[in-house]
1. Which aspartates and glutamates does K110 reach when only Cα atoms under 19 Å apart count, and residues fewer than 8 places away in its own chain are ignored?
2. Could you work out how much longer the chain between N134 and S210 gets when fully extended? Use 0.36 nm per residue separation minus the Cα distance between them, nm to one decimal.
3. Direction-averaged shadow area of the convex hull around the Cα atoms of the range 1-70, nm²?
4. What does the net charge come to around S100 if you take all other residues with beta carbon closer than 15 Å to its beta carbon, with K and R at +1 and D and E at -1?
5. Please give the net charge around K187, taking every other residue with its beta carbon less than 14 angstrom from that of K187, where Lys and Arg add +1 and Asp and Glu add -1.
6. Just want to confirm a number: the relative contact order over the chain, from Cα pairs under 8 angstrom separated by 6+ residues, in percent.
7. Tell me, what is the percent relative contact order of the range 1-92, built from C-alpha pairs under 8 Å that lie six or more residues apart?
8. Could you sort the peptides 246-254, 62-70 by per-residue average Cβ neighbour count (10 Å cutoff), highest mean leading?
Amino acid sequence: MDKDQVSEFTLGLGVDIVGFAAIDDYQSPRSPDPRQILPNVRSMVVVGFREIRGAVESEFPRTAMACRLGSLEIARNAAFRISRLLEKETRTKAVPIAPSYPLEMSWETKGTVADVSLRHAAVAAGLAVFGRHNLAINPELGTQVIYSAVLSELPFTSDEPVEQDLCHDCNLCVEACPGRALDEAGKTEVVKCLRISQPYGINAVIRYFSQMLEKPKEEQLRMLKDPFFWDLYQASFMGYTYMCNRCVAVCPLGEE
Ligand code: B12
């Protein structure tokens, strides 16, 4: 199969953008070598989905999160279907890459380094460049894009890289970050981001239940009626629950 055939199939799945990268052009220093996942990997097919603007920009974070679950579902689904196509038509191996979790949960990485960095993959596949918010900016769609990818044994060449610096350095993302996680250029301060963006994450769970254990019975019952407890419960089966995406929402790129 050539790139045109794969692109045609992929765009038919409702994917908004698709690009290809030869594996040696994928450079993400903190991520593992993709050969650990697929020993004979030679390329990546990278896909992107436009987020739903109304939801992403909504002041109601639950709506944005509900929409994110939808984007992740179609991203997972598309990577899975592209992998199936490649394996069926070419008798080579392919591996769909998760758009979010599962991640390695070692003490060193604390669930912040994925098996494949999709922003670096998007850059290698000519779909995007990094912006001041440390997110990938696509020339047409801007920042509001969710990425996914497939590792392949086929020798696809890399698409032309995006040469322009798309970020205007307007600083809106830096100023809009409630956790001040973007103050230092080129680095997202993960703990500061997580404190705001994932209020029902593991730290919140540990804090809430340790406090609860030390309280008298009556206070424990009150804590079980607290809406925060029910949000923790909901997050426990939803997975990562993002309650902030200000850096994505305020980015003016891709609006036209
Ligand atoms: C773990 C993770 C997080 C963690 C840690 C982030 C981090 N430092 O990487 C936390 C929870 C903080 C997080 C937050 C968010 N995330 Co997140 N996250 C991921 C995940 C699952 C893995 C990222 C990873 O492997 N990082 C480790 C390595 C690659 O990071 P790194 O080498 O340190 O690179 C960092 C810097 O060095 C810098 N950088 C590296 N090279 C370069 C080059 C230049 C020129 C510049 C300027 C910067 C730069 O950018 C990186 C960000 O800090 C990816 C999905 C995936 N598989 O890629 C989604 C992903 C990156 N997240 C995404 C999003 C949207 C978010 C949030 C908006 C939350 C939300 N509501 O969804 C925020 C944005 C925070 C921000 N502005 O940086 C999208 C980004 C889409 C896009 N258009 O770029 C991804 C790609 C998910 C997806 N499937 O699309 N995320």
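Throughout, read-outs are computed from the coordinates displayed, never taken from laboratory work. The model shown is predicted, which means the values in this text are computed figures rather than measured ones. As a convention, Cβ positions derive from the backbone with ideal geometry for all residues, glycine included, and neighbour counts pool all protein chains shown.
1. Result set, ordered by chain and number: D33, E189.
2. Numbers: separation 76, 0.36 × 76 = 27.36 nm, distance 3.46 nm.
Extending this stretch completely gives an extra 23.9 nm.
3. On the way: hull surface 27.0 nm².
Quarter of the Cα hull surface area: 6.8 nm².
4. Details: positive: R68, R76, R119; negative: E51, E73, E104, D115.
Surrounding charge for S100 is -1.
5. Values: positive: R30, R119, R132, R180, K192; negative: D183, E184, E189.
Residues close to K187 contribute a combined charge of +2.
6. This gives 23 percent for the chain.
7. Working: 66 pairs, mean separation 28.1, N = 92.
Over the range 1-92, the number comes to 31 percent.
8. Values: 246-254: 19.3, 62-70: 16.9.
Ranking the peptides 246-254, 62-70 by packing returns 246-254, 62-70.
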